[in-house]
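A.B. asks: Let me give you the structure first, and then I'll get to my questions.
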Amino acid sequence: MIKKRIFVALFVFSSMMMNAWGSEFRLTLKSPGNDAETYVLKENTNGSLTADTNLPLSVTRRVEEQNSLTRIYLTLQATDRVYYNYEEIYSSGFNHDDCLFYMPGFWYRKNLRSPKEAPSFYTSDSWNVREDRLSTPLTGIYDEKSNQYYTVLRIDDFKEESQPCHLSGDVILSDKTSLGFTGFQNVGRKASLVFGFPYSEAPKTYIRKLTLVPAVRAFEKLEKGETRELVWEIKKGSSADYSGFVAEIWNYSVDTYQPQVVENQLSADEAKEIMTNYFMESYVDKFPLKFYSGERIMVDDCEANGRAEVGFVGRTLLNAFNALEYGEANNCPDLVAQANAIFDSYQEHGFTPPNGYIREFVNFDDNEETHALSIRRQSEGAFAVLNYLEYEKWKGRKHPEWEARINKLLGLFLTIQNEDGSFPRKFDDNSKIVDASGGSTPSATLPLTMAYAYFKNKTYLESAKKTAVYLENELILKADYFSSTLDANCEDKEASLYTSTAMYYLAMVSKGKEQQHYIDLSHKAAYFALLWYYTWDVPFAQGQMLGDVGFRSRGWGNVSVENNHIDVFIFEFATVLDWLAYERNEPRFSEFTAVIKTSMLQLMPVKGNMFNIAKVGYYPEVVQHTNWDYGRNGKGFYNDIFAPGWTVASLWQMLSPTRVEDYFNYKRK
């Protein structure tokens, strides 16, 4: 316990003797069965780093500078067997209180939207984390007073990983790893970058949803004569605001790592054909509501249950539309019959009496139903129905009952929209507000814009434009994207993704300067969505299934500060990126979209390559890529339950790139 306290104290209180613009170097050594010892190193003119006592390894540090970039080359060579952890602290000179921070896919600003049980400033103003938590192994410090920034980026092949024996304390690794650590520290009220190797996490390590445990520090073994070479790159720059900083660093990250498409992946037609097996095997028809069972499914059997969910992780109506469209195009009458039965059952039984909201979640197994409704699920349900109605109209089929249902639902939307354009996150059937947070607002923009195009009702467009005002003022200009996902209340990917997509939809029905304004807003928000997507491939140890099957993380997105796993949440965003690449001449966007589209199909379960999923086409959801889990299996595996309803819907939307522009009859210039 005393040693753990010393470890945390060393992290928080760095040497006050460090020059404001200099670096401090620390080497911690551990011998098995003994406490670790930390040495502060001094830099000599020949580039060597030495301590006041003889060490069982030599450390040399070489620096190359070119314009705004500084490359640090570190070489450690053992003169005897040694177990080591190296740390470097690089002072920015900025006042810590003036700074916002950035660790892509895990931390932006000060994580003040997150609870104290997750990494945030509520727990500490100094954090370092293992690199595989991050979509790019990078930390940035942005000074709001001077508009200057520093970042540190790790350069490596990232081929090796080791399974640790313990989650906290000082841990000797059983094998080689490529994972170091990165972060930021408050050192004498100055903001400093901190980085090193192998990994360390402090003042806490985040192992499970809303579960912080004591710090961890890993030690790698070097045999006598063995050498380890490490490279970091420090970038200095300036940007007018935090949004500009995030955009510049994302561009820099993809330029540095240059993620490539994943070869030999499925075509869109092949992927859709495989996923139709999910429709066939998940269909449930023994209750008043017919649906695809896609929520809280067990990975090891994928058996259907009685949980019907319209949006969020269930997506049964969107999948019904997907099945209908595919079934009619490919002569699959069973799919067509299922899809029509689902829509018919929801038209008759799928709305709350007497007010007319969608019944979002019904658990027929336990005879329970969600009564706290959400703008997100309601919007996703309306979105699916409007896609269905437009398709049916194109086929010459009319559905006046459905049109009345959707008009009534959107009329309820208008009654709960705030004057500033926002929608409350949650409410009840009587429209009483349960959660007033506006972070889920952009989910409503999509069906409102679609309803304007379908019904020619300008009231819906006016409401959608009001959401854009709110999104611009409160999310985009403040660079504050939060609380769009329903199983967390924090900074998350989906708020920025939905915001960028919302502006894309509004651009579909706009012209001239107004359209250009929506394009610009979509572009600005897109960078905050992109920061969650991996630009590199995290390493896995032998025995961790994802590594054994050759999984590549590039192109997959982390979820939120609370839920630290990767998944295939993409929906229209790949199409948005391609559109922005065209409209804003951003080739990086289209290049990265190609990475996403190939990489996200890697784990498609097919006979002979099931990736530990029990049934063909049931695409996995919780892909645990770092030292974090929901309580089952850990890095390199899935949680024991998953929700294939939304993963299938997300990939299907990605594989239907003309769907949105076809709906709006939009023609590119």
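The values are calculated or read from the model by the stated rules, or taken from the named source; none is laboratory data. Keep in mind that this is a model prediction, so the values were computed, not measured. Using ideal geometry, Cβ is built from the backbone for each residue, glycine included, and neighbour counts are taken over all protein chains shown. These accessible areas exclude ligands, DNA and RNA; they are computed on the full protein's heavy atoms, side chains included. Shrake-Rupley method; radii C 1.70, N 1.55, O 1.52, S 1.80 Å.
A.B. asks: Keeping to the range 539-553, report how many residues are surrounded by fewer than 24 Cβ atoms within 10 Å (Cβ to Cβ) and assigned to a loop (DSSP other than H, G, I, E, B).
C.D. replies: Of the residues in the range 539-553, 10 are surrounded by fewer than 24 Cβ atoms within 10 Å (Cβ to Cβ) and assigned to a loop (DSSP other than H, G, I, E, B).
A.B. asks: List the pairs whose first member sits in the range 110-123 and is within 20 Å of TYR242 (Cβ to Cβ), whose second member is outside any loop (DSSP other than H, G, I, E, B) and of a type outside the set (A, V, I, L, M, F, W, C), and whose Cβ atoms are under 6 Å apart, counting only residues at least 6 apart or on separate chains?
C.D. replies: So the pair list comes out as ARG113/GLU491; PRO119/TYR206.
A.B. asks: Suppose we filter the range 379-406 for residues that are touching a helix residue (DSSP H, G or I) at 6+ places or on another chain (Cβ under 7 Å) and part of a helix (DSSP H, G or I); how many remain? Give the steps one after another, and end with the answer.
C.D. replies: Here is the first cut: in the range 379-406, the ones touching a helix residue (DSSP H, G or I) at 6+ places or on another chain (Cβ under 7 Å) are 379-391, 399, 401-403, 405-406.
In the following step, the residues that additionally are part of a helix (DSSP H, G or I) were identified as 379-391, 401-403, 405-406.
Final tally of qualifying residues: 18.
A.B. asks: Shifting gears a bit: If you take the residues in the range 574-600 that are open to solvent by 10 Å² or more (accessible area, probe 1.4 Å) and over 23 Å from ASP520 (Cβ atoms), which one is nearest to the chain's Cα centre (by Cα)?
C.D. replies: LYS597
A.B. asks: Further, regarding this structure: Which of (1) exposed (fewer than 14 other Cβ atoms within 10 Å of the Cβ); (2) in contact with a Phe, Trp or Tyr (Cβ under 8 Å, 6 or more places away or on another chain); (3) part of a helix (DSSP H, G or I) is the odd one out, the single condition ASP420 does not satisfy?
C.D. replies: So ASP420 meets the others, but not (3).
A.B. asks: Among the numbered criteria (1) more than 21 Å from TRP628 (Cβ to Cβ); (2) touching a strand residue (DSSP E or B) at 6+ places or on another chain (Cβ under 6 Å), which single criterion is violated by PHE181?
C.D. replies: (1)
A.B. asks: Which residue out of THR449, THR501 is open to solvent by less than 20 Å² (accessible area, probe 1.4 Å), assigned to a helix (DSSP H, G or I) and in contact with an Asp or Glu (Cβ under 6 Å, 6 or more places away or on another chain)?
C.D. replies: On the way: THR449 fails: in contact with an Asp or Glu (Cβ under 6 Å, 6 or more places away or on another chain).
Sole residue among the options that is open to solvent by less than 20 Å² (accessible area, probe 1.4 Å), assigned to a helix (DSSP H, G or I) and in contact with an Asp or Glu (Cβ under 6 Å, 6 or more places away or on another chain): THR501.
A.B. asks: Here are some residues: LEU373, LEU335. Which one is at pLDDT 95 or above, closer than 27 Å to VAL616 by Cα and surrounded by 16 or more Cβ atoms within 10 Å (Cβ to Cβ)?
C.D. replies: Values: LEU373 fails: closer than 27 Å to VAL616 by Cα.
Only one candidate qualifies: LEU335.
A.B. asks: Right, another one. Scan GLU562, GLU494 and give me the residue that is of a type in the set (Asp, Glu), surrounded by 24 or more Cβ atoms within 10 Å (Cβ to Cβ) and either touching a residue at least 12 places away in the same chain (Cβ under 8 Å) or closer than 26 Å to SER120 by Cα (or both).
C.D. replies: GLU494
A.B. asks: Tally the residues that are closer than 30 Å to GLN544 by Cβ, among the charged types (D, E, K, R), in contact (Cβ under 8 Å) with a residue 60 or more places away in the chain and part of a loop (DSSP other than H, G, I, E, B), restricting the search to the range 622-669.
C.D. replies: Total meeting the criteria: 2.
A.B. asks: Considering only the range 460-476, how many residues are open to solvent by less than 20 Å² (accessible area, probe 1.4 Å) and β-branched (Val, Ile, Thr)?
C.D. replies: Residues in the range 460-476 being open to solvent by less than 20 Å² (accessible area, probe 1.4 Å) and β-branched (Val, Ile, Thr): 2 in total.
A.B. asks: Filter the range 305-329 down to the residues that are over 24 Å from ASN387 (Cβ atoms) and open to solvent by 10 Å² or more (accessible area, probe 1.4 Å) and list them by number.
C.D. replies: At the first step, the residues of the range 305-329 found to be over 24 Å from ASN387 (Cβ atoms) are 305-306.
Within the range 305-329, just ASN305 meets the criteria.
A.B. asks: Right, here's the next one. Search the range 504-537 for residues being among the β-branched types (Val, Ile, Thr) and either at pLDDT below 95 or surrounded by fewer than 21 Cβ atoms within 10 Å (Cβ to Cβ) (or both), and hand back the single one that is farthest from SER379 (Cα to Cα).
C.D. replies: First, the residues of the range 504-537 that are among the β-branched types (Val, Ile, Thr): 509, 519, 535.
Okay, now just the ones that are also either at pLDDT below 95 or surrounded by fewer than 21 Cβ atoms within 10 Å (Cβ to Cβ) (or both), so 509, 519.
Values: VAL509: 19, ILE519: 22 Å.
Only one residue tops the list, namely ILE519.
A.B. asks: Which of the residues spanning the range 424-446 are outside any helix (DSSP H, G or I) and under 13 Å from THR499 (Cα atoms)?
C.D. replies: If we filter the range 424-446 for residues that are outside any helix (DSSP H, G or I), which is where we start, we get 424-441.
Residues satisfying the conditions are GLY438, GLY439, SER440, THR441.
A.B. asks: A follow-up question, please. Give just the number: which of (1) in contact (Cβ under 8 Å) with a residue 24 or more places away in the chain; (2) among the small types (Gly, Ala, Ser); (3) open to solvent by 20 Å² or more (accessible area, probe 1.4 Å) does GLY396 not satisfy?
C.D. replies: (1)
A.B. asks: When LEU112 is evaluated against the numbered criteria (1) buried (at least 23 other Cβ atoms within 10 Å of the Cβ); (2) assigned to a loop (DSSP other than H, G, I, E, B); (3) hydrophobic (A, V, I, L, M, F, W, C), which criterion, by number, is the only one it fails?
C.D. replies: Failing condition for LEU112: (1).
A.B. asks: Keeping to the range 304-326, report how many residues are assigned to a helix (DSSP H, G or I) and under 14 Å from ARG359 (Cα atoms).
C.D. replies: Filtering the range 304-326 for residues assigned to a helix (DSSP H, G or I) gives 316-326.
With the extra rule that they be under 14 Å from ARG359 (Cα atoms), the set shrinks to 316-317.
So the answer is 2.
A.B. asks: If we scan the range 267-289, do we find a residue that is open to solvent by 60 Å² or more (accessible area, probe 1.4 Å), closer than 30 Å to LEU521 by Cα, in a helix (DSSP H, G or I) and at pLDDT 95 or above? Even if it seems obvious, please write down each step before you answer.
C.D. replies: Residues of the range 267-289 open to solvent by 60 Å² or more (accessible area, probe 1.4 Å): 269-270, 273, 280-281, 285-286, 288.
Filter once more, keeping what is closer than 30 Å to LEU521 by Cα: none.
No, that holds for no residue.
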